[in-house]
Structures are given as structure tokens and as C-alpha cells.
Amino acid sequence: MDGFIAKQNPKENPSMNNKQATSNKKYNHFSFEEREILALELARGKSQKEIAVMLKRSPATLSREIWRNSGPFRRSYKASEANRVSRIRKFRSHQKDRLKTPEIREYVERKIKEGISPELIAGRISLEIPGTKINHESIYLYIYHDRPLLIKYLARSHRKRHKRGHKNKKRISKIPNRISINERPEIINNRTRVGDWEADTVVSRESTSALLVLRERKIHLTFIKKLKNKSAKETKKAILNILSKLPAKLRKSITFDNGTENVLHEEIAEKLELKTFFCNPYHSWEKGSVENTNGLIRRHYPKKTDFSLISDDEIKNLEDWLNNRPRKALGFYTPYEVLKDCA
């Protein structure tokens, strides 16, 4: 009859059966057992077509498996190596980009090379690239897995952080009329005002010269002065030279350690009209702000640096770098930016 189309019987049309079977067939990844058979039969000299019949796989599928999962330089196919390569590829296929955009990656790499830590970068980026948020752990993963050449710019080349400790030794202080940090007012301990300082010296075995470091506890403002030697007179002179230039409201107290360079603390206190406090013996971590700064300074001037060869301009550049460095405690603003509101 005209216009009548007979229904096709699948049995009468094998090609239709093959198409339906292909479209309905679900692909299964190679199992380890299949890979063992494939490796064994290849070693015996059988062709890929023969092995494909044995495994009931397409020859093209076998060819792709051998090409993608063979060992180095694809010289041989081994089941264990193929399984390992396949698992790695599957794992990586489910990984998300650690730093999503080229703009973020460029920003992170530039800041890392400037000596900014991943934590500070993660906090600061939203101020410089509005609407951008990243986690500092993502930056560490990006560096260690994707850009290992950046590891050398980190403060430490390893992720493991060692526990801090101290030796239980008794020490008789040679500093007269020292006031213990245990008597320091809570207003200083809580960092609720500006003008409380911590002082320390960075020394070297290569020279008698040293660096005096002063760091303010609340806004993290830092000053560095080169000393001809680590004497009490030189230390006193440097501290007076630095702090006397500041307004009185920025000079409230100084916390020292028990080094003999600090024996003239009473003269410093009288000249600057402030109070002085001292850490407990072997408790340098009690003035952690300046100790942290010393660690940053050591990144530029490691141990055995001859400070007598370092110019005042170089020290000033380091000081500016520290004060232009964003701080987590300041909402990722810099000490110089915060200082403007205190002046």
C-alpha cells in the first residue's frame, strides 16, 4: 500500500542490532586481571587483535590502553605499572585547580618572590583584588605541587613545624632593678594601646657589629639600627636616637631580654619617660613580636653575615620592607598604613 511503511524486524536487520548494542553498552575500565592477561599475552607475542578477542574488547581499546599506561618511554607494558599510572590519572582528573585564574596565580607568585608569606597573601588579596578569596593552604599546595621553584622564597623549605621548647636552667640576672614581665600591666599584654615596644639584637659571629631591632606590639611598626658593637652604651644610644624622634604618645614601655647590653635600661626609661620590663630568663618567646621580626631579618641576612659590611641604606630598605608588609593582626593592612591613623 502507498504510504505504508513496514516495521523493521531487528532479526532481519543485523546492522540495527549492532548500533543498539553499541549505544546501550556501558564502558568499563580495565581491571587489574585484564591488564595481567594483556601483559602476559603481549609478552608471548600475540597480536592486539587476538588479545582483544580473548578479553572481548575492541582492538582500539587495547591500543589506547597500551599507549596511555605503558611504562617510561612506552618500551613495555606491565600490569602493575599500568594500574599505577591509571590510578594517578584518575585521581588528578578529579582535582580542582588550586589557584583558579591566571590573575590569582600571577599575584601569588609575585608576592611570594617579594618574601610575603602564604597566610599574609591569602588575607591581603581581597584588598588588592576585590571579591577574591583563597586559602593559604591552597597557596602552599600550589607551590609544593605545581611550582616547586618557589619553595626557596618561603621562610622555611619544609612544611613541618617544630615544637618550641626551652632549657630548664637557672640564671642570675646582672641587670639592676629589673622589673619582671610578670608585673607588666594587662593593657600592655593585651595590645590595646600604641606605644609599647619590644627590643632585641641580631648578632653575628663574623663581626662585632650587630643590629638593634625595635618593634611596636600593637601596630607592628619596626625600626632597625646598626650597632658598632653589642655594648650597653651603643644599645642605649641607638634606642634614644630612634624613639626620641617619636611623639610621646608612641613611647610607653619597652620589654627587653636579659642580655647585658640592656643594663642601662634605667637611663633609657628616664630619658624617654617610659617603663621597662624584662622577660624571664631563657624565655625569649615572651617577646614574640620582635623574635618574629628577627626571623624575617634572618631571611635577608642569615647567620654568619658580617653586619659591618651592610650599609645604612640597605638596612633602611629592609626596614621599609618590613613596614610595608601586610599583617594578619592588622586586618592585612601594613604598619605604615596603620601608623598614619596614629600620628
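The values are calculated or read from the model by the stated rules, or taken from the named source; none is laboratory data. As the structure is a prediction and not an experimental result, all values here were calculated from the model. Because the Cβ atoms are built from the backbone with ideal geometry, glycine has one as well, and the counts that use them run over all protein chains shown.
In segment 143-154, the residues that are free of Cβ contacts under 8 Å to residues at least 60 places away in the same chain form Cβ pairs under 8 Å with partners that are outside any helix (DSSP H, G or I) and surrounded by fewer than 17 Cβ atoms within 10 Å (Cβ to Cβ), at six or more places apart or across chains, as follows: Y144/R159; I151/S157; Y153/G115.
Note on segment 168-189: among residues that are over 30 Å from K304 (Cβ atoms) and loosely packed, with under 11 Cβ neighbours inside 10 Å, the one that is modelled with the lowest pLDDT is K170. Number of residues in segment 315-342 that are assigned to a helix (DSSP H, G or I) and within 25 Å of the chain's Cα centre (by Cα) equals 15. Being at pLDDT 95 or above and out of contact with any Leu (no Cβ under 7 Å at 6 or more places or on another chain) holds for only one residue in E286, E267, and it is E267.
Determine, yes or no, whether L250 is touching a Leu at 6+ places or on another chain (Cβ under 9 Å) and either assigned by TED's automatic domain parsing to the domain that holds L296 or of a type in the set (K, R) (or both). It is true that L250 is touching a Leu at 6+ places or on another chain (Cβ under 9 Å) and either assigned by TED's automatic domain parsing to the domain that holds L296 or of a type in the set (K, R) (or both). For segment 309-322, does any single residue satisfy the condition of being in contact with a helix residue (DSSP H, G or I) (Cβ under 9 Å, 6 or more places away or on another chain), crowded, with 20+ Cβ neighbours inside 10 Å and outside the structural domain of I112 (by TED's automatic domain parsing)? Checked against the condition, which is being in contact with a helix residue (DSSP H, G or I) (Cβ under 9 Å, 6 or more places away or on another chain), crowded, with 20+ Cβ neighbours inside 10 Å and outside the structural domain of I112 (by TED's automatic domain parsing), segment 309-322 yields at least one hit.
To keep it simple, each residue is scored yes or no on (1) in a helix (DSSP H, G or I); (2) in contact with a Phe, Trp or Tyr (Cβ under 6 Å, 6 or more places away or on another chain).
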site: T192; (1), (2): no, no
site: T201; (1), (2): no, no
site: E206; (1), (2): no, no
site: I242; (1), (2): yes, yes
site: E261; (1), (2): yes, no
site: A269; (1), (2): yes, no
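Going by what's in this entry, would I254 be described as free of Cβ contacts under 8 Å to residues at least 60 places away in the same chain and assigned to a strand (DSSP E or B)? Considered against the rule, which asks whether it is free of Cβ contacts under 8 Å to residues at least 60 places away in the same chain and assigned to a strand (DSSP E or B), I254 comes out as yes.
Residue-by-condition table, conditions (1) closer than 27 Å to N324 by Cβ; (2) part of a helix (DSSP H, G or I):
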site	(1), (2)
K90	no, yes
E119	yes, yes
G131	yes, no
H145	no, yes
K152	yes, yes
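Is it fair to say T255 is under 17 Å from K316 (Cα atoms) and in contact with a strand residue (DSSP E or B) (Cβ under 6 Å, 6 or more places away or on another chain)? So T255 does not fit the description; no.
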